[in-house]
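All remarks here apply to the structure that follows.
Readers should treat all values here as calculations from the given coordinates under stated rules, not as data from a laboratory. Everything quoted here is computed from the prediction, not taken from an experiment. Cβ coordinates were reconstructed from backbone atoms using ideal geometry, including for glycine residues, and neighbour counts include every protein chain displayed.
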Amino acid sequence: MTENSHAEGDYEQQAVLLFDGVCNLCSQAVLFIIPRDPEGTVHFASLQSDTGQRLLTRHGLSPDKLDTIVLIEAGKSYIKSTAALKIAQKLYRLWPLLYVFIIIPRPLRDAVYDWIARNRYRWFGKKEQCLMPTPAIRERFLS
């Protein structure tokens, strides 16, 4: 293990966000979260990475399903709109207010999430490779 890598078990009680590493929207969401989580409570791994694949499998999620974000926290996993709202709840300033949308029934929230997920590559583009973190934020990424 290198000095900047972490074992997944180190984060079982912390928040780990699994994201589509080749999706421009997803990568920009990660870059949006980092400065709004100055205490570094959220860590990241791409769904395509070995770490992401192991975490998906460990939590009973399909490693082939790359059209959702997954939040793993305190041994539980959350997907789609619930994951997004739980992340918003962790950010500073007014972003936690978005958590009020949790009162909308999950099927309705997830329908909107699924619509965006289906169109994300067309609207926002796709990268040839996963997001490469800069040295300043590398410790937030599991490897």
With a 10 Å radius around each residue's Cβ, average the other Cβ atoms per peptide and rank 98-104, 67-73, 53-59, highest first.
67-73, 53-59, 98-104
Spatially proximal lysines relative to Lys65 (Cα-Cα < 23 Å; intrachain offsets below 8 disregarded)
Lys76, Lys80, Lys86, Lys126, Lys127
Calculated from backbone phi, Karplus (6.51, -1.76, 1.60) coupling profile of segment 66-80 in Hz, x at Gly/Pro:
10, 9, 8, 8, 10, 10, 10, 8, 6, x, 10, 10, 10, 10, 6
